[in-house]
Structure formats: C-alpha cells, structure tokens
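Heads up: the structure comes next, in structure tokens.
The values are calculated or read from the model by the stated rules, or taken from the named source; none is laboratory data. Just so we're clear, the structure is a prediction, and the values are computed from it rather than from any experiment. Heads up, the Cβs are rebuilt from the backbone with ideal geometry, glycines too, and the neighbour counts pull from every protein chain shown.
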Amino acid sequence: MFSKQKPLWGKKKKLKSSYDVVLIGGGLHNLATAYYLAKNHGVTDIAIIEKNFIGFGGAGRNTAIVRANQRTQHNVPLYKEALDLWPVLTKELDYNLMFNNCGNLNLMHSEAAMKAARTTISTAQFHGVESHLIDAKEAKELVPALNISDDITFPIHGAMFHPPGGIVRHDAVVWGLAKGAAEKGVEIHQQTEALAVGTKNGKVTSVTTSEGVINTKQVLISAGGYSAGLINGMLGIKLPISVLTIQAMVTQPLKPLLNHVVSSGAYHCYANQTLKGEIATGAHMDPWPNYTNLSTAHFIKHQAEALCEFLPCLKGVRFMRIWGGLADMTPDMAPILEGNNHFDGFFMNCGWGYFGFKSCSSAGKYMAEYMATNHCPDMLKPFALKRYEEHKLMGETAALVSYSPDN
Amino acid sequence: MALTITCPICGKRNGYEFKFGGEERGPRPDEKDLTPEAWCDYVHMNNCVAGVQKEWWFHRDGCGSWFTIHRDTTTNFEVEKAEAEK
Ligand SMILES: Cc1cc2nc3c(=O)[nH]c(=O)nc-3n(C[C@H](O)[C@H](O)[C@H](O)COP(=O)(O)OP(=O)(O)OC[C@H]3O[C@@H](n4cnc5c(N)ncnc54)[C@H](O)[C@@H]3O)c2cc1C
Ligand SMILES: [Zn+2]
C-alpha cells in the first residue's frame, strides 16, 4: 500500500466502455483464463473485474495443496494437466511459483478405505499418474513422526502415496498469472464490483459495474465461492451449489519434521510443513452454508485433537494464525463449466469447492479455448450443468453427498 | 462463527446440536407430468443467497424436531423474517 513500486500487473487504468471479454472475479481461474486467452488465442481486449483485490478470495486463502489423484476418469486428466503445468508456468511467467513436489500421503484407517484407495490408485495409474498403496510401516518410513500404533481413535492401516503432488505458493500463482496476463494486454480492474449482466434476445450485451457499464458479447463468471450467488442474482440461473466457510490454520514455525503433505479423511484433517516451518493444516467445512469467512473455536479444537493423535510430536505446539474462506460445493464434488447455454456469450466456471487451486491452470486453459472458439473442448464436456438433470453425477466421492453438508 | 438456533420446542440452543436441512424449496412437486428439469430443480438447486434465507433445520442432538428459521448467511444470525416476506 505504501510502496512506490507499481504492481506487477501494471498501473491502474480507466475502465473502457467496451471489451471483447469480461471476466467477473479476480481469482485464479479468471486470471488463468485471461492469460491463456491472450497467449493461446490472441484475445487480449479483456477486463478482469474484481470487487476487492486479486487474491481476496480462495486464491489467497487456500492451503496450496496440489495433486492429481482424484477418483473419476473425468477429473483425473484435468488435474493431471494442471499438475504438469506448474513447472511450465514457472518458466513461461518467469516467476517462481515455488512448486515443492514433496508428494501427498493420504492415510487410510480401515480395510474398506484401503480397498477404496486401490480403486482410486488404479484410475490414477490408468491415466499415467504415479500413485501407490503402501502399508503403515512404509508410511512411517516416509514420515517418521506418524503414530502408527493401535491406540488412537482411527489407527492407520496404510496410505495412498502420490509422489508428484505437493505444494505451490498460492500468492505467487496469483501474482505470476496477473503479471503474465497484464504483459499481454489484459486489464485488471480491482475495487470494481460487477453488479449486473445485461442480455437481449438471449445474448449477452453488457456488464454493469460500480465504475460504469461495459458493452461486451462474452462474460465469464468465475468468482470462487461467490459465483453461485452472483449467477443466480444476476441471471436467475440456480445451481446445485452450497456455499460453506472452510477454515485453515498454521502453527508456530518448527524444525523440519514433515516432508510430505499428510491427509486423513477419517480425521477430517490435512497438514503440511511450509518452507517457513509452520505446520499448515486445513479442517473440514462449516456444517451449514454461510458467507462469513470467519473462524471458530470448534475447528481449532478439532484440528489440535486430530493432529495430536496421528502426529503426536505436535502436542503443545501453538497455533499462530487461523483464517477462513469460502468453498462452493456441488453434490458430486466436481465443478461446473458451461457456456453459451442459458445465454449466448455467457460462461460459468464454478463449484470448485476446496479443489479450485490445484486445477486453476488447466481449467483456465480449456475455458479460454471454450470462449475463443465457442466450442466446448472434450476435456470440459463432462462438467456441464446438464449432468444433474440427467442424473449423471460424477462419483468423485464414494457415497453421494447431500450438502446439507454433513460429511 | 458462533451460531445459535431457536428450536420451537427447546428454545435457543448451540448450533452444533442441529443438522442443516437445506433451503426452503416449497412443496414437493406433483409426480404427475413431472419433468426431469423440475425434479432436478427441487432436488439439487439452491439460491445461495448472501443474506437472509428461509431454511430447514433438524434438532439432531435434541428433541428431533424439523422446523424452519430465517437466517442471514453473511452473519449466521437468526432473524425474524426474510426481507421479501415483510
Ligand atoms: C481455507 C481454504 C483452503 C483451500 N485449500 C485448497 C487446497 O489445498 N487445494 C486446492 O486446490 N484448493 C483449495 N481451496 C480452494 C480454492 O482456494 C478455491 O477453489 C479457488 O481459489 C476458487 O477459485 P478462484 O481463485 O478463481 O476464486 P477466488 O479467489 O475465490 O475469487 C473470487 C473473487 O471474486 C471476487 N468477487 C466476488 N463478487 C464479485 C463481484 N460482484 N464483482 C467482482 N468481483 C467479485 C472476490 O472479491 C474474489 O476476489 C481452499 C480454499 C479455502 C478457502
Ligand atoms: Zn429441540
């Protein structure tokens, strides 16, 4: 705020009265979409409209975990490409994204979970993603701090080990993509709120913002957890989304003890050690929809109890910071990417829940192709909204979730 | 964020005693001439209001009642009525 340097994404510009493309929301997905529209398709007359500042939403609040070991054949290729893109983007953007491919260790606490992991691993391996099943002893060799004894609430039976995943510095991705997009001519308008999308005869015509009206033929709403409310409020399109606050926290910095991302479904807890030494840990979502972004004692206690069971050396360590952000959950834990359906020129990319960081690069790349060509790329075809009506929900979780969010 | 819910039987209680039961969506649609679109709308679609909404709750760790309240989703506070119904 007090620095004289101009931001990486250029000086503040005056909003024009028309753009070829308007992207609502200054998060990762729109930054990536803008970058690829400019880089791969020569579309550069683009305005990104951001109500607060870029990185205000999930983009700056996530726990930065990346991986490609999802459960279904539709999801894995999209996430795999995103994972492969981190080193490429680091080079292309000439910006250090601090990709630390330390690997993810997903703990299994029952024989049923081990069996489910086998299926997931087969899917990964079929798509050329490295992932394997290991037993509790091998998990302990990878993370000596793990408690593999029987006297905890959920004893560890084994783990799904996914070496190519890890951590990427999330702020760096925001800044790097903003820089890359701006260098190609994309305009980023912060502190500008989108208020309405205008349509005429089934076509998009304009976007009304707090700084004036923009004429445009193409609009993409991809505003993280705010998307569903905006899309319904502006265009009357209801989505199968529940918006929930999700919390995360970090401990005081410690000497290196955790060299993989460790996660546990049964404990509803995941943790990794940041390069600063803090243990960053994420919790489950609030059990009721809300837009508060606030944190609760409930989850601090929950995280402390869970971590002390499977990483007992953390007993007595203090949490230093806690924060919350929004997760927009769909019933099948898969996103909705859609275009030219309700209105010509209207696109949406949302429902990314708590997995919208790891996917932003490839989702942005294909969304850019979709918008530039007006043809849905094969990669995105499974993610159309129509699937809910056709009852073709994706099996991203083993059991269908009813968000009344109890899982 | 702290949340209290007022159960019609038990009064004001800690929110963690309850299970959220979804946005109020009106009566279940008639099965006669029911289209997949209307059914999907009833089963899956939400308004996702950032503001006051009417919603269902179940007093899971209490008396077992199902009931509706109005709550502001940006603050988690219960309110008397939704703007629209005033
Ligand atoms: C605590 C937490 C942990 C997470 N951990 C992970 C993880 O480990 N791995 C992972 O893959 N994902 C994770 N996620 C999910 C991920 O962060 C999100 O899915 C993703 O960031 C959302 O997409 P986005 O970045 O494009 O949008 P966001 O960054 O959410 O951007 C939305 C933007 O839209 C703006 N906006 C809202 N309304 C308007 C308006 N009317 N006009 C203009 N702009 C508007 C907001 O100000 C905001 O900046 C996590 C999320 C949270 C909250
Ligand atoms: Zn009761």
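Annotations for the structure displayed:
- Scanning region B:1-25 for residues that are in contact (Cβ under 8 Å) with a residue 12 or more places away in the chain and either within 16 Å of ligand 1 (Cβ to nearest atom) or on the phi > 0 side of the Ramachandran plot (or both) yields B:MET1, B:GLY22.
- The lone exception for B:VAL49 - which of (1) under 22 Å from A:ALA327 (Cβ atoms); (2) modelled with pLDDT under 95 it fails: (2)
- Cβ pairs under 7 Å, 6+ apart, first in region A:181-205 and without any contact (Cβ under 8 Å) to a residue 60 or more places away in the chain, second assigned to a strand (DSSP E or B) and polar (S, T, N, Q): A:LEU195/A:THR208; A:LEU195/A:THR209; A:ALA196/A:THR208; A:GLY198/A:THR205; A:GLY198/A:SER206; A:GLY198/A:THR208; A:THR205/A:THR199; A:THR205/A:ASN215
- Number of positions in region B:1-17 that are assigned to a loop (DSSP other than H, G, I, E, B) and facing chain A (nearest Cβ under 8 Å): 3
Okay, residues lined up against (1) assigned to a helix (DSSP H, G or I); (2) within 27 Å of A:ALA248 (Cβ to Cβ); (3) acidic (Asp, Glu):
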{"site": "B:LEU34", "(1), (2), (3)": "no, no, no"}
{"site": "B:CYS48", "(1), (2), (3)": "no, yes, no"}
{"site": "B:GLU55", "(1), (2), (3)": "no, yes, yes"}
{"site": "B:ARG60", "(1), (2), (3)": "no, yes, no"}
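- Of the residues in region B:20-28, not one is more than 16 Å from ligand 2 (Cβ to nearest atom), part of a strand (DSSP E or B) and more than 12 Å from chain A (Cβ to nearest Cβ).
- Qualifying residues in region A:199-221 (those that are in contact with a Leu (Cβ under 7 Å, 6 or more places away or on another chain) and hydroxyl-bearing (Ser, Thr, Tyr)) - the one surrounded by the most Cβ atoms within 10 Å (Cβ to Cβ): A:THR209
- Contact annotation: residue pairs with Cβ atoms under 9 Å, 6 or more positions apart or on different chains, pairing a residue in region A:298-318 that is under 16 Å from A:SER149 (Cα atoms) and in the same structural domain as A:HIS284 (by TED's automatic domain parsing) with a partner that is among the basic types (Lys, Arg) and exposed (fewer than 13 other Cβ atoms within 10 Å of the Cβ), are A:LEU307/A:LYS315; A:CYS308/A:LYS315.
- Criterion (surrounded by 19 or more Cβ atoms within 10 Å (Cβ to Cβ), touching a Gly at 6+ places or on another chain (Cβ under 6 Å), assigned to a helix (DSSP H, G or I) and not basic (Lys, Arg)) met by exactly one of A:ALA182, A:ALA178, A:ALA248, A:ALA228: A:ALA182
- Selected residue (criterion: farthest from ligand 2 (Cβ to nearest atom)) from residues of region B:38-60 that are of a type in the set (D, E, K, R) and touching an Asp or Glu at 6+ places or on another chain (Cβ under 6 Å): B:LYS54
- Scanning region B:59-86 for residues that are surrounded by fewer than 16 Cβ atoms within 10 Å (Cβ to Cβ), more than 16 Å from ligand 1 (Cβ to nearest atom) and within 13 Å of chain A (Cβ to nearest Cβ) gives B:ARG60, B:ASP61, B:TRP66, B:PHE77.
- Candidates A:GLY202, A:GLY212, A:GLY233, A:GLY225 - the one that is within 14 Å of another protein chain (Cβ to nearest Cβ) and farther than 19 Å from A:ALA32 by Cβ: A:GLY233
- Helices (runs of 4 or more DSSP H) wholly inside region A:29-147 containing at least 3 residues that are within 30 Å of A:GLU187 (Cβ to Cβ) and in the same structural domain as A:ASP378 (by TED's automatic domain parsing): A:75-92
- Filtered by the rule that a residue be under 16 Å from A:LEU15 (Cα atoms) and either within 10 Å of ligand 1 (Cβ to nearest atom) or not in a loop (DSSP other than H, G, I, E, B) (or both), region A:198-217 gives A:SER206, A:VAL207, A:THR208, A:THR209, A:SER210, A:GLY212, A:VAL213, A:ILE214, A:ASN215.
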